[in-house]
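Student: Structure in C-alpha cells, see below.
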C-alpha cells in the first residue's frame with residue numbers, strides 16, 4: 001500500500017493584484033480560485049491529473065461548497081492549502097481544504113466540498129475508475145486519523 005500525506009499540502013500560490021477588491025483584500029470569489037488551483041496538486045495524486053478528462057472522458061463537478069473566511073489575504077501574499085479526504089463513495093468525494101498564509105502559517109479560510117464523478121459523454125454521474133477508487137479509499141483511510149476542522153458540517157445562520 002502506498003503512503004499518502006495526511007493531510008496533503010499544496011505547492012505555493014500567490015494572491016494576484018487583480019483579485020483584490022474595493023476593501024483592499026482578496027475578493028471572496030478568488031478564494032474559490034485558490035482552493036481550486038491548490039486542489040489540482042492533490043487530484044493528480046488521486047489519479048485525476050491534467051490528462052484525466054482526455055484519457056477517460058470523465059471529470060468531477062462540484063455539487064456543494066461552503067466557505068468560512070477567517071483572516072484577510074492581500075496582494076502578494078503566498079498561500080498553501082491542505083486537503084483532507086472526509087468521505088468517499090463510488091461516485092462522490094467529500095473533502096475539506098484549509099488555506100494558510102505560506103510563511104506565517106495562520107489560517108485564512110476553510111472550504112468544505114462535495115464533488116461528483118461525471119461521465120462527460122452522458123453528463124451523468126458515473127463510478128470512479130477502479131484505480132482511482134482504490135486510491136481514494138486508501139487516502140480516506142489514511143486521513144481518518146486527522147482531526148476534522150471545526151468548520152466542517154456547520155450550518156449557516158445567525159448565532160443567538
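The values are calculated or read from the model by the stated rules, or taken from the named source; none is laboratory data. Predicted, not measured: the structure shown is a model, and the values here were computed from it. Glycine also receives a Cβ, built like all others from the backbone with ideal geometry; neighbour counts cover every protein chain displayed.
Student: Scan 81, 108 and give me the residue that is part of a strand (DSSP E or B) and over 25 Å from residue 132 (Cα atoms). Explain how you work it out, then say what you get.
Tutor: Numbers: 81 fails: over 25 Å from residue 132 (Cα atoms).
Only one candidate passes the filter, namely 108.
Student: Count, please, the residues in segment 108-138 that happen to be under 14 Å from residue 83 (Cβ atoms) and out of contact with any helix residue (DSSP H, G or I) (no Cβ under 7 Å at 6 or more places or on another chain).
Tutor: Of the residues in that region, 5 qualify.
Student: In segment 108-160, what residues are farther than 30 Å from residue 54 by Cα and touching a strand residue (DSSP E or B) at 6+ places or on another chain (Cβ under 6 Å)? Show your work before the answer.
Tutor: Just the residues of segment 108-160 that are farther than 30 Å from residue 54 by Cα, to begin with: 108-110, 144-160.
Residues satisfying the conditions are 108, 109, 110, 146, 149, 151, 152.
Student: Consider residue 157 against the criteria (1) closer than 30 Å to residue 19 by Cβ; (2) out of contact with any helix residue (DSSP H, G or I) (no Cβ under 8 Å at 6 or more places or on another chain); (3) at pLDDT 95 or above: it satisfies all of them except one. Which criterion is unmet?
Tutor: Residue 157 satisfies every listed condition except (3).
Student: Tell me which residues, restricted to segment 37-62, are outside any helix (DSSP H, G or I), surrounded by 13 or more Cβ atoms within 10 Å (Cβ to Cβ) and free of Cβ contacts under 8 Å to residues at least 40 places away in the same chain. Spell out the reasoning first.
Tutor: Step one: list which residues in segment 37-62 are outside any helix (DSSP H, G or I), which gives 47-51, 57-62.
With surrounded by 13 or more Cβ atoms within 10 Å (Cβ to Cβ) added as a condition, the list becomes 47-49, 57-60.
Passing the criteria: only 49.
Student: Kindly provide the set of residues from segment 61-85 that are over 22 Å from residue 11 (Cβ atoms) and touching a helix residue (DSSP H, G or I) at 6+ places or on another chain (Cβ under 8 Å), ordered by number.
Tutor: 69
Student: Now, a different point. Do the conditions hold for residue 96, that is, is it touching a residue at least 60 places away in the same chain (Cβ under 8 Å) and closer than 18 Å to residue 33 by Cα?
Tutor: Numbers: touching a residue at least 60 places away in the same chain (Cβ under 8 Å): no; closer than 18 Å to residue 33 by Cα: yes.
Taking the combined requirement at face value, the residue does not satisfy it.
Student: Mind checking which residues of segment 107-157 are within 14 Å of residue 68 (Cα to Cα) and surrounded by fewer than 18 Cβ atoms within 10 Å (Cβ to Cβ)? Spell out the reasoning first.
Tutor: Kept after step one, since they are within 14 Å of residue 68 (Cα to Cα), are these residues of segment 107-157: 107-113, 149-157.
Hits for segment 107-157 are 107, 150, 151, 152, 153, 154, 155, 156, 157.
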